[in-house]
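As structure tokens, the structure follows; a few thoughts come after it.
The values are calculated or read from the model by the stated rules, or taken from the named source; none is laboratory data. Just so you know, these numbers come straight off a predicted model, no measurement behind them. Cβ placement follows ideal geometry from the backbone for every residue including glycine, while neighbour counts extend to all protein chains displayed.
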Amino acid sequence: MRVFAICQDELVIRALDDVLIRSFEVEFLLEGGPLARRLHDAGIEVTTGDPRRVDTYIKADLSPSTCFIVENDGRRGIKKVLSAIRDAGGTLIYVLHTTKTTEKEADALKAEFPDVTDMTLPELIKPTLVTELSRSMTRARVQQYQRYFADADRVLILLHNDPDPDALASGLALRNLLRRTKTTAIIGAMQGVTRPENLRMANMLDIHVEQITPALFHDFERIATVDVQPHYFGGQLDRADLVIDHHPEQPGYSTVFKDIRADYGSTSTILTEHLRAVDVNISERTATAMLYAIKSDTLFFARHTNRVDLEAFTFLYPLADAALIRKMEGAEITLERLMYVTRASENGIMKDQVFSAFVGEAPREDFITYTADFFLQLEDVKWTIIAGVVNGSLIVSVRNLGYSRNAGEFVKRWFGQIGSAGGHRAMAKAVVPIERFREKFGELSGPAITARITDMCEQFLHETAVDKKKEPVAR
Ligand SMILES: [Mn+2]
């Protein structure tokens, strides 16, 4: 394809030539003079002529598939140039704005030449430049903590309780970044992995999570927490050396280094950037773990997804073992879990696209969260609220796919006073001692609990509708 460029600036011409020459046949139109000679001597294809005259383009023997790039530096009569190209039969016309054009000027140009495509130089440069600069800032940060950890004998990489794929993958990635082995950097947690799919991931990828108690913290010269911040450990860890997390930043601890990015979908996304910044070799095992983590923490980009999560995914994909990920995912469905799904479908209530169910006693929390996720897959279900009793506490797991109303606010509204309740728009959880639940809501059990949570949700969503109607009046 042929590109015919009408530019004035030497820098722009040289840059365009350099960029386009690999894919296109490029030619520059200049009015003559020393610049044209200089460029010609430098081996750049230059034609001389008046860019405002139709016959200049006719003489240049252009075809309808020729692409025109016209630089607009705000000085010359761009309209005359565009008219001449158009009159000579040019259709693929791009205007490259190299100075700031006012909206008025841009609109006027658009009105006269509706088929012309606009590009602005800053917008073209921005993505690459911003990526490069932030990568070099990340590089500096990573090199700092690498040095700080370098001389330590024993390092602890601490994860949250019942580590999930993101925590496990982040542990592996950080160990990689610290250039350590499993004997010099321990991946540990106060409570180990329990969910079957996470156990399967840990086994398949050979990730060993060591059981840690606060008394053991002193055995380590350096402590890093990933996918979690020290406040999580309830005062048992008031300082760390490094914190890498994607949950909102919390007060109440000190750390030497931290990288907390609450707008990222996973901690593995942050660590992918760290690995890329320092050009560390990423093993297939680490890439597989991280890819699985990003998929799982973002529910395969269904929630909380950021452009950077997609970029990390794209980067890791060719390095990972996709077949292994499919196997790990298959581990989600177990006979035991299907039992809770069955219970929920027998006892649940579906009302206004909200599915609620109380599933009774369960040995582990993940039976409840799994059931909540499961019913969210149903067509026409926008909220799922699944409750069950684990070790004497009522666990309420809420998933929200469509409603603008926040699942986290829902659990805080009803359970914040009597237990722990929190979460964000798409998912939330409450843990309430069953006796406190009964003190507040009455001696309920079985179907009565299902009915009560259905009412709670209806009332909560109704409150929102009323609030919204009120809004314009308040203004
Ligand atoms: Mn995470």
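Among what's in segment 161-190 and is of a type in the set (S, T, N, Q) and assigned to a helix (DSSP H, G or I), pick the residue that is farthest from the chain's Cα centre (by Cα).
So the first thing to find is which residues in segment 161-190 are of a type in the set (S, T, N, Q), and the list is 161, 170, 176, 181, 183-184.
Filter once more, so that each one left must be assigned to a helix (DSSP H, G or I): 170, 176.
Numbers: S170: 15, N176: 22 Å.
Checking each candidate, the answer is N176.
All of (1) surrounded by 19 or more Cβ atoms within 10 Å (Cβ to Cβ); (2) part of a strand (DSSP E or B) hold for M350 with one exception: (1). The number of residues in segment 1-29 that are surrounded by fewer than 21 Cβ atoms within 10 Å (Cβ to Cβ) and within 17 Å of D73 (Cβ to Cβ) comes to 7.
Only residues that are free of Cβ contacts under 8 Å to residues at least 60 places away in the same chain and polar (S, T, N, Q): list them for segment 11-70, please. Selection gives S23, T47, T48, T56. Can you tell me which condition L168 does not meet? The list is (1) at pLDDT 95 or above; (2) of a type outside the set (G, A, S); (3) surrounded by fewer than 22 Cβ atoms within 10 Å (Cβ to Cβ); (4) within 25 Å of E273 (Cα to Cα), and all the others hold. All conditions pass for L168, except number (3). Answer yes or no as to whether A108 is modelled with pLDDT of 95 or more and either of a type outside the set (K, R) or touching an Asp or Glu at 6+ places or on another chain (Cβ under 6 Å) (or both). The answer is no for A108. Every listed requirement among (1) more than 17 Å from T138 (Cα to Cα); (2) among the hydroxyl-bearing types (S, T, Y); (3) within 14 Å of the ligand (Cβ to nearest atom) is met by Y264 save one, (1).
Considering E439, E443, which residue is out of contact with any Asp or Glu (no Cβ under 8 Å at 6 or more places or on another chain) and part of a helix (DSSP H, G or I)? E439 is the lone residue from the list that is out of contact with any Asp or Glu (no Cβ under 8 Å at 6 or more places or on another chain) and part of a helix (DSSP H, G or I).
Among residues belonging to segment 244-257 that are over 19 Å from the mean Cα position of the chain (by Cα) and either away from the ligand (no atom under 16 Å from the Cβ) or not in a loop (DSSP other than H, G, I, E, B) (or both), point out the one that is surrounded by the fewest Cβ atoms within 10 Å (Cβ to Cβ).
Filtering segment 244-257 down to residues over 19 Å from the mean Cα position of the chain (by Cα) leaves 250-257.
With the extra rule that they be either away from the ligand (no atom under 16 Å from the Cβ) or not in a loop (DSSP other than H, G, I, E, B) (or both), the set shrinks to 251-257.
On the way: P251: 6, G252: 11, Y253: 18, S254: 10, T255: 18, V256: 15, F257: 16.
Selected residue: P251.
Checked against the criterion of being surrounded by 18 or more Cβ atoms within 10 Å (Cβ to Cβ), of a type outside the set (G, A, S), within 22 Å of the chain's Cα centre (by Cα) and more than 18 Å from Q459 (Cα to Cα), segment 410-428 has at least one qualifying residue.
Yes or no, residue by residue, for (1) closer than 30 Å to G265 by Cβ; (2) in contact with a helix residue (DSSP H, G or I) (Cβ under 9 Å, 6 or more places away or on another chain); (3) free of Cβ contacts under 8 Å to residues at least 12 places away in the same chain; (4) surrounded by 13 or more Cβ atoms within 10 Å (Cβ to Cβ):
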{"site": "D107", "(1), (2), (3), (4)": "no, no, yes, no"}
{"site": "A111", "(1), (2), (3), (4)": "no, no, yes, no"}
{"site": "D118", "(1), (2), (3), (4)": "no, yes, no, yes"}
{"site": "I125", "(1), (2), (3), (4)": "yes, no, yes, no"}
{"site": "T138", "(1), (2), (3), (4)": "yes, yes, no, yes"}
{"site": "R141", "(1), (2), (3), (4)": "yes, yes, no, yes"}
{"site": "V155", "(1), (2), (3), (4)": "yes, yes, no, yes"}
{"site": "D164", "(1), (2), (3), (4)": "yes, yes, no, yes"}
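Apart from one condition, A320 fits all of (1) touching a residue at least 40 places away in the same chain (Cβ under 8 Å); (2) not β-branched (V, I, T); (3) not assigned by TED's automatic domain parsing to the domain that holds G446; the exception is (1). Between R180, R195, R154, R175, the distinction of being within 16 Å of the ligand (Cβ to nearest atom), within 28 Å of D206 (Cβ to Cβ) and of a type in the set (K, R) belongs to R195 only. In the set R399, R343, only one residue is assigned by TED's automatic domain parsing to the domain that holds D455 and either assigned to a helix (DSSP H, G or I) or in contact (Cβ under 8 Å) with a residue 60 or more places away in the chain (or both); that residue is R343. Could we say that A185 is over 23 Å from G265 (Cβ atoms), in the same structural domain as I157 (by TED's automatic domain parsing) and buried (at least 21 other Cβ atoms within 10 Å of the Cβ) here? Criteria met by A185.
Search segment 118-172 for residues being of a type in the set (G, A, S) and touching a strand residue (DSSP E or B) at 6+ places or on another chain (Cβ under 8 Å), and hand back the single one that is farthest from R285 (Cα to Cα).
Residue satisfying both the conditions and the ranking: A152.
In this structure, V280 does not qualify as among the β-branched types (V, I, T), in a loop (DSSP other than H, G, I, E, B) and within 14 Å of the ligand (Cβ to nearest atom). Scanning segment 258-277 for residues that are of a type outside the set (S, T, Y), in a helix (DSSP H, G or I) and in contact with a helix residue (DSSP H, G or I) (Cβ under 7 Å, 6 or more places away or on another chain), we see that the one that is nearest to Q236 (Cα to Cα) is L271.
For S63, the conditions (1) closer than 28 Å to E123 by Cα; (2) exposed (fewer than 15 other Cβ atoms within 10 Å of the Cβ); (3) of a type in the set (S, T, N, Q) are fulfilled apart from (1).
Quickly run through segment 287-300 and pick out the residues that are within 16 Å of the ligand (Cβ to nearest atom), in a helix (DSSP H, G or I) and among the hydroxyl-bearing types (S, T, Y). Can you show your working first?
So in segment 287-300, the residues within 16 Å of the ligand (Cβ to nearest atom) come out as 289-300.
The next check asks that each one be in a helix (DSSP H, G or I); those that pass are 289-297.
If the condition is that a residue be within 16 Å of the ligand (Cβ to nearest atom), in a helix (DSSP H, G or I) and among the hydroxyl-bearing types (S, T, Y), then Y292, S296 are the ones that fit.
The numbered conditions (1) modelled with pLDDT under 90; (2) of a type in the set (A, V, I, L, M, F, W, C); (3) over 24 Å from S268 (Cα atoms) are all true for A322 except (3).
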